[in-house]
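The values are calculated or read from the model by the stated rules, or taken from the named source; none is laboratory data. Note that the structure is predicted; figures quoted are calculated from it, not measured. Heads up, the Cβs are rebuilt from the backbone with ideal geometry, glycines too, and the neighbour counts pull from every protein chain shown.
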Amino acid sequence: MNFDPTINGILKREEGFVDHPSDKGGPTCWGITQAVARENGYTGPMQDLPVSLAREIYLKRYILRPGFDKVAAISEPIAQELIDTGVNMHPGRAGEFLQRCLNGFNKRGSQYADVFVDGNVGNVTLDALRKYVAFRGAEGVRVMVCALNVMQGGRYFDIAENNETQEDFLYGWIRSRVLEPA
């Protein structure tokens, strides 16, 4: 899969440099937090973060490392949703959402065994996803993407309810991540 369109969509939604006082991630550029930029060797001012480095970080940290490239080999729409959720919430959270959905959709274990919900998308999770897609087909892919968005939206409300400063972002999260997903 060519991940450029997915990364381009994320870059468009993230809109360059932002330093909102309520953002727990601090200064970000292209959606990359200062901490993540520093982990990847960037030492300059965040507003000058090169988009090429942001692209590299997205590919390495939010696609390859969590195994979402392997998900893409099974279903590109599911992978795109996981990547977008992982960027905004953490790849492990996106993996947990996938695992919970797989467990909920496995017809009490008759299609495949439950997977351990740990956020790590490894061989067991990938095998369950293959079986899910084979059993449910294109409709199942659409339902999975919808379910992942429902879980993401619910998590945003949990975040805002537990920290009212995050209400500054709730409407935008729902608009750009749930209503208009990856």
Note down all Cβ pairs under 7 Å where the first residue falls in segment 155-173 and is more than 14 Å from M89 (Cβ to Cβ), the second is surrounded by 13 or more Cβ atoms within 10 Å (Cβ to Cβ), and they're at least six residues apart or on different chains. E167/A160; D168/H20
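Which is in the same structural domain as V150 (by TED's automatic domain parsing) and either over 21 Å from V141 (Cα atoms) or surrounded by 15 or more Cβ atoms within 10 Å (Cβ to Cβ) (or both), of V36, V71, V18, V51?
On the way: V36 fails: in the same structural domain as V150 (by TED's automatic domain parsing); V18 fails: in the same structural domain as V150 (by TED's automatic domain parsing); V51 fails: in the same structural domain as V150 (by TED's automatic domain parsing).
Result: V71 is the single residue among V36, V71, V18, V51 that is in the same structural domain as V150 (by TED's automatic domain parsing) and either over 21 Å from V141 (Cα atoms) or surrounded by 15 or more Cβ atoms within 10 Å (Cβ to Cβ) (or both).
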Cross-chain or 6+ apart pairs with Cβ under 8 Å, segment 128-148 first and assigned by TED's automatic domain parsing to the domain that holds E76, then among the small types (G, A, S) and part of a helix (DSSP H, G or I): Y132/G140; V133/G140; A147/G104; L148/A94
Identify, from the list G137, G153, G104, G109, the residue that is within 26 Å of R61 (Cα to Cα) and small (G, A, S). G153
Taking the condition of being under 22 Å from H90 (Cβ atoms) and of a type in the set (S, T, N, Q), how many residues in segment 1-53 meet it? 7
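Is it the case, given these coordinates, that T85 is surrounded by fewer than 17 Cβ atoms within 10 Å (Cβ to Cβ) and closer than 28 Å to L11 by Cα? Lay out the reasoning, then the answer.
Details: surrounded by fewer than 17 Cβ atoms within 10 Å (Cβ to Cβ): no; closer than 28 Å to L11 by Cα: yes.
Criteria not met by T85.
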Can you tell me how many residues within segment 131-182 are farther than 27 Å from P5 by Cα and not in a helix (DSSP H, G or I)? 1
Restricting attention to segment 21-36, does a residue exist that is outside any helix (DSSP H, G or I), in contact (Cβ under 8 Å) with a residue 24 or more places away in the chain and in contact with a Cys (Cβ under 7 Å, 6 or more places away or on another chain)? no
If you scan segment 103-127, which residues turn out to be over 18 Å from D69 (Cβ atoms) and either not charged (D, E, K, R) or not assigned by TED's automatic domain parsing to the domain that holds I78 (or both)? N103, G104, F105, N106, G109, S110, Q111, Y112, A113, V115, F116, V117
